[in-house]
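Notes for the one structure printed next.
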Amino acid sequence: MKTYIVGNWKMNFTVGESSLFLHKLLQKVRIMRDLEVVVAPSLMALQPLSLQIDRRKMKLAAQNFYDKDFGAYTGEVSVSQIRSLVNYALVGHSERRYIFGETDKDVRAKVAAALRCGLTPILCVGETAEERACGETTDVVRDQVLGGLQDVSKEDLGKVIIAYEPVWAISGHGKPARVASPLDVEDVFKLIRKILSETYDDSVAESTPLLFGGSVKSLNAESYLSLPDCNGLLIGGASLIAPEFLDIIEIAKRVRDDRA
Ligand code: PGA
């Protein structure tokens, strides 16, 4: 299985800045077949960046889209409008769930739409601080995983990536985020594999890539990447700083080579 390093630029960078930033990354990122480097710029930048990117080195992801193909949905961008620009799409990011009110039903429709259009959905799940404090992490993660995958066949699960992002560990929301302990992360990875194995089977459970996200930086990337069940990282803030993001890519490459 590949290792995935995904940068989520969120609502940062103008189109021009996005293009300059991508240019910087492309100068340094090598072609590495066992490591998939992906960035998710704003929807505005997807079209120009799709012409600029070298897809052997890096791929593009959408941060969001609407699950219908065309129609009277003012302000939305459909999955079929972006399908030729990107390979991946984030679905169910906690900022979509908690700031914009996306429900598990919306998330399920988006996962299905991404798969229908040939994109790999990166399904994001994770509990809030309150839910963790009340001992609800297992139930929340189970509901979000099963809710998002409800319409996904065993065959299609092979095209899905799951990112565990505890909401309390995500930076940029006022309060300083807490850093998740690798042991806690590994527990949730094991839980997700168990849910997948009970719902599908052991082989798909083992082969579904699991990413961690939440205040990942070059300083702590190795502690997550070294976890037995970790197949990559979803990075927000640190992906906006080229040397940080490039360092994390190098760390991922080294951890992978050491494991081989
Ligand atoms: P962060 O964001 O790395 O800035 O905490 C991660 C994410 O929201 O995907």
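The values are calculated or read from the model by the stated rules, or taken from the named source; none is laboratory data. Everything quoted here is computed from the prediction, not taken from an experiment. Virtual Cβ from ideal backbone geometry, glycine too; neighbours counted across all protein chains shown. When the accessible area is computed, the model is the full protein with side chains, heavy atoms only, and any ligands, DNA or RNA have been set aside. Shrake-Rupley method; radii C 1.70, N 1.55, O 1.52, S 1.80 Å.
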Exercise. Go ahead and run the numbers for FRET between ASP184 and LEU219, Cβ-Cβ distance against an R0 of 25 Å, rounding to 0.05.
Key: 0.90
Quiz prompt | Label point distance in nm, ASP143-MET11, each placed 7 Å from Cα along Cα→Cβ | solution = 2.6
Quiz item: Under 20 Å Cα-Cα from LYS190, which aspartates and glutamates qualify once same-chain neighbours fewer than 8 residues away are excluded?
Solution: GLU127, GLU131, GLU136, ASP139, ASP143, GLU165, GLU198, ASP201, ASP202, GLU206, GLU222, ASP229
Self-check item: Filtered trypsin sites (Lys or Arg not before Pro), the range 1-104: DSSP coil and at most 11 other beta carbons within 10 Å
Solution: ARG30, ARG33, ARG55, ARG56
Self-check item: Per-residue ³J(HN,Hα) for the range 163-174, Karplus 6.51 cos²θ - 1.76 cosθ + 1.60, θ = phi - 60°, Hz, x for Gly and Pro
Solution: 10, 8, 10, x, 4, 5, 9, 7, 7, x, 10, x
Quiz item: Accessible area per residue, 1.4 Å probe, Å², for the chain: what's the number?
Solution: 45
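Ignoring any ligand, DNA or RNA, what whole percent of the accessible area of the range 3-259 comes from carbon and sulfur when the probe is 1.4 angstrom?
Values: 6100 of 11530 Å².
The C+S portion of the solvent-accessible surface of the range 3-259 is 53 percent.
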Practice problem: Kindly write out, for the range 204-215 in residue order, the coupling ³J(HN,Hα) from the Karplus curve 6.51 cos²θ - 1.76 cosθ + 1.60 (θ = phi - 60°), rounded to whole Hz, with x marking Gly and Pro. | Solution: 6, 4, 6, 9, 7, x, 10, 10, 10, x, x, 6
Quiz item: Is there a pair in LYS2/LYS175; LYS2/LYS194; LYS59/LYS194 whose C-alpha atoms are over 25 Å apart, and which pairs would that be?
Solution: LYS2/LYS175; LYS59/LYS194
Quiz item: Can you list the residues, at least 5 places off or on another chain, whose amide H is less than 5 Å from the amide H of ALA62, using H built in the peptide plane?
Solution: TYR88, ALA89, LEU90
